[in-house]
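A.B. asks: Below: one structure in structure tokens.
The values are calculated or read from the model by the stated rules, or taken from the named source; none is laboratory data. The structure presented is a predicted model; accordingly, all values stated were derived computationally and were not measured. All Cβ positions, glycine included, derive from the backbone under ideal geometry; neighbour counts span all protein chains shown. Just the protein is used for accessible areas: all its heavy atoms, side chains included, with ligands, DNA and RNA removed. Shrake-Rupley method; radii C 1.70, N 1.55, O 1.52, S 1.80 Å.
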Amino acid sequence: MEKMHGFHRKSYADRLALLTEVVPLNETEVNVIKQHYNAVSGDLIENYLTDYGLPEGIATNLVVNGQEYLVPMVVEEPSVIAAASNGAAMLKRGGGITAHAESRVLTGEVIIKADNVLAVQDWFTNHKEAIMKTALAAHPSITKYGGIQDVEFNIIDESHVSLELFVDVGDAMGANTLNSMLEAVADQIEAELGQQVLMSILSNFGDHNVVIATGMVPFVALQRGELSGQEVAARIAEAADVANIYPKRAATHNKGIMNGIDAVVVATGNDWRAVESAAHSFAARKGNYKGLSKWRVTEDGLEGRIRLPIPTGIVGGATHVLEMSKVNYQILGIHSALEMMNVLAGVGLAQNLAALKALVTDGIQQGHMRLQLKSLALTAGATPTQVTQVVSALQKLPKHEQDLAHAHQLVAKLKEDETDGE
């Protein structure tokens with residue numbers, strides 16, 4: 001669109017005016033955009049238009065390492081928060097979750113296009129200490145948080161190698177810090193080695209941000225209707241085993257885990273795409289995509305274990321720029337990045353437990369449907385006071401008629417009755 005040329009250079013008012021010229025937005029739609037304008041957000045992203053709101057709720061019952069947390073979650077999907085609270089409650093009855101985050105070390109890579117990979121390796125061997133000094137000089141304050149841990153050499157193929165820099169960034173998100181250090185190393189390599197640096201960037205592989213969380217669920221907490229707790233435990237363990245051998249099942253299994261983790265990451269202004277990337281690449285690290293959790297039946301109950309990287313910080317990025325992010329940190333009561341990682345792993349384990357229990361007993365739809373019907377009612381134009389009536393009426397219809405068309409009819413009927421009663 002020719003009119004949009006130079007859009008990024010225009011003021012906010014001019015951008016909005018131009019948008020309304022190009023797109024047929026009505027007055028109500030324009031007012032919605034204006035109502036959610038936030039000057040702070042305009043400094044976070046490019047071509048800023050407005051803030052886009054998602055629902056936030058609180059997951060309860062989560063006990064990690066002996067401490068109980070209230071967990072803010074931002075998510076649009078029904079039953080995620082209910083499931084996290086339910087799974088946490090079951091694990092709480094077994095004493096809560098034990099979690100351990102290994103480290104907050106980020107990995108960065110300098111990818112070199114090499115004429116002779118072995119010659120580059122020899123150069124690296126002789127200049128390893130110099131490389132670390134160059135990286136440190138680019139950001140000397142990093143020593144306050146742990147500093148540079150190591151630098152490694154890896155041959156990618158016959159013409160590409162990677163120098164991997166490992167840096168403990170403490171509580172920070174650390175991306176900008178690490179990238180600055182990598183660019184300094186890249187300049188050194190090109191100047192001293194005479195080889196082309198293809199790129200230098202942090203890695204989201206996350207293998208140095210791994211967290212392990214475990215928990216025990218007593219059989220009595222798993223009983224469902226006529227199914228004994230032992231039977232439900234056996235079914236959950238079997239379902240988890242399937243996810244560890246069948247990638248198609250593992251994809252949905254892990255998505256369920258990330259439902260909970262992502263919702264907290266978003267609520268705290270962290271980079272949920274980095275967390276997703278780390279988790280799924282970790283699940284496929286051995287060449288076959290697997291589930292991230294394991295469950296087994298013991299004499300005492302159902303024992304769960306989750307192991308995955310969760311690269312998150314509590315300083316930097318949008319973590320304390322967005323107002324609700326600051327509020328959510330206050331609700332969480334988190335004091336370090338490692339504590340945050342432990343809590344997130346606990347949420348993932350609880351989310352997974354609740355999802356698996358639902359799948360092997362009542363099915364996933366029972367919990368979803370009432371919330372889905374609420375969504376239908378709101379989409380059909382029901383007011384908050386009408387939602388309960390519309391949902392009740394939809395529940396009485398055959399399942400194939402519980403759709404938006406019938407929701408529209410019910411809302412229209414309610415409004416007609418209210419008009420007649422005036």
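A.B. asks: Scan segment 70-115 for residues that are more than 20 Å from the chain's Cα centre (by Cα) and of a type in the set (D, E, K, R) and jot them down.
C.D. replies: Answer for segment 70-115, where residues must be more than 20 Å from the chain's Cα centre (by Cα) and of a type in the set (D, E, K, R): Lys92, Arg93, Glu109, Lys113, Asp115.
A.B. asks: For segment 73-111, name all the residues that are more than 30 Å from Leu202 (Cβ to Cβ), part of a loop (DSSP other than H, G, I, E, B) and at pLDDT 95 or above.
C.D. replies: Selection gives Arg93, Gly94, Gly95, Gly96.
A.B. asks: Pull up segment 388-422, narrow it to residues that are farther than 13 Å from Leu373 by Cα and of a type in the set (A, V, I, L, M, F, W, C), then point me to the one that is most open to solvent (accessible area, probe 1.4 Å).
C.D. replies: Ala412
A.B. asks: From the set of residues in segment 221-271 that are at pLDDT below 95 and not polar (S, T, N, Q), which is least open to solvent (accessible area, probe 1.4 Å)?
C.D. replies: Gly269
The rows are residues; the columns are (1) on the phi > 0 side of the Ramachandran plot; (2) touching a residue at least 40 places away in the same chain (Cβ under 8 Å); (3) not small (Gly, Ala, Ser).
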site	(1), (2), (3)
Ile148	no, no, yes
Ala186	no, yes, no
Val197	no, yes, yes
Ser200	no, yes, no
Gly225	yes, yes, no
Ala237	no, yes, no
Met258	no, yes, yes
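A.B. asks: The conditions are (1) at pLDDT 95 or above; (2) surrounded by 13 or more Cβ atoms within 10 Å (Cβ to Cβ), and Ala114 fails exactly one of them. Which is it?
C.D. replies: It is condition (1) that Ala114 fails.
A.B. asks: Only residues that are within 30 Å of Glu29 (Cβ to Cβ) and crowded, with 16+ Cβ neighbours inside 10 Å: list them for segment 52-76, please.
C.D. replies: Those that are within 30 Å of Glu29 (Cβ to Cβ) and crowded, with 16+ Cβ neighbours inside 10 Å: Glu56, Gly57, Pro72, Met73, Val74, Val75.
A.B. asks: Could you grab the pairs with beta carbons closer than 7 Å, sequence gap of 6+ or different chains, first residue in segment 315-335 and within 18 Å of Arg273 (Cα to Cα) and assigned to a helix (DSSP H, G or I), second one open to solvent by 80 Å² or more (accessible area, probe 1.4 Å) and among the basic types (Lys, Arg)?
C.D. replies: That search, which allows pairs on different chains as well, returns nothing.
A.B. asks: What are the residues in segment 7-30 that are open to solvent by less than 60 Å² (accessible area, probe 1.4 Å) and not basic (Lys, Arg), if any?
C.D. replies: The answer is Phe7, Ser11, Tyr12, Leu16, Ala17, Leu18, Leu19, Thr20, Val22, Val23, Leu25, Val30.
A.B. asks: On to the next question. Only one of Ile364, Ile331 is modelled with pLDDT of 95 or more and either farther than 20 Å from Ala263 by Cβ or open to solvent by 10 Å² or more (accessible area, probe 1.4 Å) (or both); which?
C.D. replies: Ile331
A.B. asks: Please specify each residue of segment 283-313 satisfying the condition of being aliphatic (A, V, I, L, M), open to solvent by less than 50 Å² (accessible area, probe 1.4 Å) and within 24 Å of Gly215 (Cβ to Cβ).
C.D. replies: Ala283, Leu292, Leu302, Ile306, Leu308, Ile310
A.B. asks: Identify all residues within segment 120-129 that are surrounded by 13 or more Cβ atoms within 10 Å (Cβ to Cβ) and over 36 Å from the mean Cα position of the chain (by Cα); write none if there are none.
C.D. replies: Within segment 120-129, Val120, Gln121, Trp123, Phe124, His127 qualify.
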